[in-house]
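The values are calculated or read from the model by the stated rules, or taken from the named source; none is laboratory data. Predicted model only: the values in this text are computed from it and were never measured. All Cβ positions, glycine included, derive from the backbone under ideal geometry; neighbour counts span all protein chains shown. Note: accessible area is taken over every heavy atom of the protein model, side chains too, but ligands, DNA and RNA are not part of it. Shrake-Rupley method; radii C 1.70, N 1.55, O 1.52, S 1.80 Å.
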Amino acid sequence: MRGLAREILLVSIVFVLISSLMASLSIAATSAPRDLTLGISDETAKSLGNVCFATDVGAQAMPCNPAFIARESNPNFRAQIFAGNNISYLQDVSALLAGDGSQDNVHRLFNQTRASQMEANLEGGYRRPTFGLAFSPYRLTYYSFVRNSSLPVITLLAAQEQSLRAQFGSYIGNDWSWGVQLRGVRRTFISKTFTLTDALAEDNRGLLEPERQNAFYIEPGILKEWTEERWRPQITFAVTQFGAVDRKVEDFPASPQWHAGAAIHPPVGLGNWEIGTDIVLDSKTSRWTDPFRIGSSYELGMTKISGSAGASDYAFGFQLRYHDFTGGLTYTSQLIDNWLGENEWVRTAFIQFGFNI
Amino acid sequence: MKNQLVFIPLLTALLLGACTPKSDQHASKDRLEQAYRIMDKGDYDEAISQLEELSKEDTRPEVREALASAYAARAGIKIENYWGFLAGFQSPKVSNEQVQNTTTVVRIAKVLNSANSSQKKTDSDGQDTITKMAQMFGALQLWQDRLNSLPAVRGGARKDLERAWSVMKDHEKSGGHLYRALLGLVLLKSDLTSGFDGWNKIELKLKDYDPAKGGNLTLQCTADLNAFGDWSLGVLVRLGDTVEDISIAFPSKRPELAGAMKESRRFTREFQRIQKGACE
């Protein structure tokens, strides 16, 4: 009993210290969020968030957690186009560029209370038992944030990525599986903070000069299932963003993320239902509630519905499959402390089209 | 026991990691972002106070820009209202012909002609002073017409704008010079407005002059004339600095700006030469 109490005390101390460490590493957020710069742009990753590391559902090119490739049953080829944005000022910019702009358009443009972002991805992948390969020739991300209405300061990130990833996995035995993803990324990007007058001055060429970064990641994962149990529980572990870059860039750090997840498959009369949870830790985790997320997906025939929720956001996705084609809509909503310290809901809609052969 | 001993170095590493201080650059960047936030909330006094403190330790151009923009915001000058003007700024064409055609010079020429046609004695020195002064104001009117869309500031707002203009002196970036040029143009507009207020009073006096009542049409050597002399010196300095700032930001405009500056300086110096001689 005394031994157990000591163990509990030690675990509690470790937990408190880890939380303090994470809190001390928080940095003021006027740079692009990590889930945009380093995230996965597909329907499953958006609707389930990091719970996708605890499950393998959806039409994405490859599973988030490479351990799931070990249980791939039939070879198949998948491709998808995915895009979405929450940019609120497109209309104002269009009006100004067309010469129809008014002072109101300009005022809205320079008095934004939150950042705007966009992402799009084109990817194709081939999966077979124990092996998978995926190539994305274009992943586009865009982030902008304007503050100081007296002399607008603009933070801009626009990036184009090409990535090639290969997954290898296998059963270890006793319902344990392992997998590893090798991922190479080539990025071309513009990442600058400048004032409006910097942009207006004649020698502004250097402002939008593109830079490059090459990265290579080794991302392992582990899966343990209880396939004989009625609810088929499973636990997962994964490490992502573990690798090296040829030059350090603040927006694209080589900083690992640690995932620990679990999922169950409640038996239902029709279709397949999966409920999962995932905890993710990285250097940007600032509050103790940030790592936790819960998600669920339900698939019946050609329809799949999925959703997830975290401490301050939720997402909902709907996917339809017709023969070899898939299409879907995902909707995310995040509660933020906007630039003026007010609560604001930021809503983003994504669309996805793809096919599975 | 062995497992528990493993915890000790782990706890030590975590504790030391938690105690790692934020780097100075990040801390300064945070304070700058905090100042932007305070400005966007409209508390310019607090933003200025924080940025004054920050500028003592952080010499980055971004901090100076933020401080200048805080002063400008408190003076009511926000670039969102003038960025179109700034992007499309064109120098006025200042030449003899353009100056002679300004309303200032045309009006004064009519007044002088009317006086000459009826006067028995002519005061050529006095008329020369008036003519040169009108030509100087004519040249400056060309600038004032170009600055039509800018406001004139007075009192506390003007002091804030002067501080902002001073903070941005010798900025490292062309964008900084462009912002300083905007501040300089607003101050120039304010200078010209106060100068033209005084000139309009002189015009009224000249218009009220009745040759039938006798006397010469002349300008007395009053403090007003000396004040105009000092005023015109100040305007030239401001104009010269602002033209230089615009030329750094827009190098392709340097030739036209240099030409306009040279002519403006000529008309002003001609008045200053006569003004000093007339009052000796």
* **Extreme residue, positive dipole direction of region A:152-226, given options A:Leu207, A:Gly179, A:Thr193 (C-beta unit charges)** => A:Gly179
* Structure fact -> Losing no less than 10 Å² of accessible area (probe 1.4 Å) relative to the isolated chain, the residues of region B:155-182 are B:Lys173, B:Ser174, B:Gly175, B:Leu178, B:Tyr179
* To do: Would you pull out the residues with amide H under 5 Å of B:Asp58's amide H, same chain only if 5 or more places away, H placed 1.01 Å from N?
  => none
* Calculate what fraction, in whole %, of the accessible area of chain A sits on carbon and sulfur atoms when a 1.4 Å probe is rolled over the protein chains. => 63
* Once the Cα atoms of region A:307-348 are picked out, what are the Rg and Dmax in Å? -> 14.5, 49
* Structure fact -> Check: in chain A the Lys pairs 8 or more apart or on separate chains whose Cα atoms fall under 24 Å apart number 5
* Asked: Taking chain A on its own, what percent of its Cα-Cα pair distances exceed 39 Å?
  -> 19
* Can you pull the accessible area of A:Ser73 for me, 1.4 Å probe, Å² to the nearest 10? -> 90
* Keeping all protein chains in place, calculate the accessible area per residue for region B:37-187 (probe 1.4 angstrom), answer in Å². => 43
* Which residues of region B:78-108 end up with at least 30 Å² less accessible area in the presence of all protein chains than when their chain stands alone, using a 1.4 Å probe? -> B:Lys78, B:Ile79, B:Glu80, B:Trp83
* To do: Express in whole angstrom the spacing between the alpha-carbon centres of region A:206-234 and region A:306-357.
  => 19
* Loop sites in region B:70-179: GluC sites (Glu not before Pro), DSSP, at most 13 other Cβ within 10 Å -> B:Glu172
* **Neighbour count of at most 12 Cβ within 10 Å plus DSSP loop: longest trypsin sites (Lys or Arg not before Pro)-free window in chain A** => A:1-229
* Work out the P(r) tail for region B:29-98: percent of alpha carbon pairs separated by more than 15 Å, whole number. => 58
* Residues whose placed amide H lies under 5 Å from that of A:Gly243, excluding near-sequence neighbours -> A:Ile218
* Structure fact -> Checking region A:201-305 for chymotrypsin sites (Phe, Trp or Tyr not before Pro) in a loop per DSSP with at most 13 other beta-carbon atoms within 10 Å yields A:Trp226, A:Trp231
* Dipole of the protein assembly as shown, positive direction: furthest Cα of B:Ile246, B:Gly155, A:Leu270, with charges on the beta-carbon -> B:Ile246
* Structure fact -> For chain A the mean separation of alpha carbon contacts under 8 Å (6+ apart) over residue count, i.e. relative contact order in percent, is 18
* Structure fact -> Listed by chain and number, the aspartates and glutamates with an alpha carbon less than 17 angstrom from that of B:Lys41, same-chain partners under 8 positions apart left out, are A:Asp337, A:Glu342, A:Glu344, B:Asp30, B:Glu33, B:Glu80
* For the cross-link pairs B:Lys29/B:Lys159; B:Lys29/B:Lys253; B:Lys56/B:Lys173; B:Lys110/B:Lys262; B:Lys132/B:Lys262; B:Lys93/B:Lys201, which exceed 25 Å when the distance is taken from alpha carbon to alpha carbon? -> B:Lys29/B:Lys159; B:Lys29/B:Lys253; B:Lys110/B:Lys262; B:Lys93/B:Lys201
* To do: Using a 1.4 Å probe and ignoring any ligands, DNA or RNA, find the accessible area of A:Asp313 and quote it in Å² to the nearest 10.
  => 40
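Please compute the Kirkwood hydrodynamic radius over region A:194-309, one decimal place, Å, based on all pairs of different Cα atoms. It would help to have the intermediate numbers written out before the result.
Values: mean 1/r = 0.0551 Å⁻¹.
Over region A:194-309, the inverse of the mean reciprocal pair distance is 18.1 Å.
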* Could you work out Rg/(2.2 N^0.38 Å) for the protein assembly as shown, with Rg from alpha carbons only? -> 1.36
